[in-house]
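Everything below concerns the one structure shown next.
Every number here is computed from the coordinates shown, using simple stated rules; none is lab data. Remember, predicted model here, so these are calculated numbers, not experimental data. Positions of Cβ are generated from backbone atoms using ideal geometry, with glycine treated the same way; all protein chains shown enter the neighbour counts.
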Amino acid sequence: MQLQFAMDTLTTEAALELAAAAAPHVDILELGTPLIKAAGLSAVTAIKAAHPDKIVFADLKTMDAGELEADIAFSAGADLVTVLGIAGDSTIVGAVKAAQKHGKGIVADLIGVPDKPERAKEVVALGVEFVEMHAGLDEQAEEGYSLDSLLTDGEQAGVPFSVAGGVSTSTIEAVQRSGARVAVAGGAIYGAPDVGAAAAALRAAIV
């Protein structure tokens, strides 16, 4: 199972600092949606230039203009780009077309999708590389939220998936048992006093 670091910061400088500390312990460096909105796709270029050996993940959460948005992100240096699973099939197909042109990949983020297992099967059939079983920061803050539902959805989908929504040292073993291809950690790393040590601890918890 790969480890992905979601950098939910707002400046390229901060992202470069976080990436430098965590990179030895993670496989995928994710530029969060707020970062891309605040800093632009130049942040993607900067992270890829600093870490050419890492998979750079641009979390665009595209809802429309799939081919166009994916194309500009891949041109900026992204290896993986997200499109929303709730988007229309034509948007997803367009994004996949751009990925094929660049030799890269599309990830369908299933945030907000009511029936995640069913939609996961549909979008993988459309050509996405894998799906992300995702609960956003707002959902995680709601009373009664549990990561378990995402793990169950992933297991039921029967397609390659990642999990994002509260991954930590206490939950990452359950994520791996669910069969996830990627564990996505954000706050558990960037919110720690020592970013490198936090990333290393998550890596060590992966069997």
Cβ density ranking, 10 Å radius, fewest first, applied to Ile206, Ile47 yields Ile206, Ile47
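Hey, how much of the P(r) for region 63-108 falls beyond 12 Å, as a percent of Cα pairs? Numbers along the way, then the final one.
On the way: 481 of 1035 pairs.
More than 12 Å apart: 46 percent of the Cα pairs in region 63-108.
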A correct fewest-to-most ranking of Met1, Met7 by other Cβ atoms within 10 Å would be Met1, Met7
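Please state the relative contact order of region 2-205 as a whole percent: Cα pairs under 8 Å, 6+ residues apart? If you can, show how the numbers build up before the last one.
Working: 428 pairs, mean separation 36.5, N = 204.
RCO, region 2-205: 18 percent.
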With -39,500 (n - 2.57) per DSSP H segment of 4 or more residues and division by the full residue count of the chain, the 222 nm estimate, nearest 500 deg cm²/dmol, is -13000 deg cm²/dmol
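If eta is 1.306 mPa s and T is 10 °C, what Stokes-Einstein diffusion coefficient results for the chain, Kirkwood Rh from Cα pairs, in µm²/s? Mind dumping the intermediate values first?
Working: Rh = 16.7 Å.
Taking Rh from Cα pairs, D becomes 95 µm²/s.
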Bounding extents of region 1-106 in its principal axis frame from Cα atoms, largest first in Å, are 39, 27, 23
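Considering the convex hull of the alpha carbon atoms of region 54-133, report its projected area averaged over all viewing directions, in nm², one decimal. It would help to have the intermediate numbers written out before the result.
Working: hull surface 17.8 nm².
Hull-based average projected area comes out at 4.4 nm².
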Expected sort for 76-85, 176-185, 11-20 on mean C-beta neighbours within 10 Å, highest first, is 76-85, 176-185, 11-20
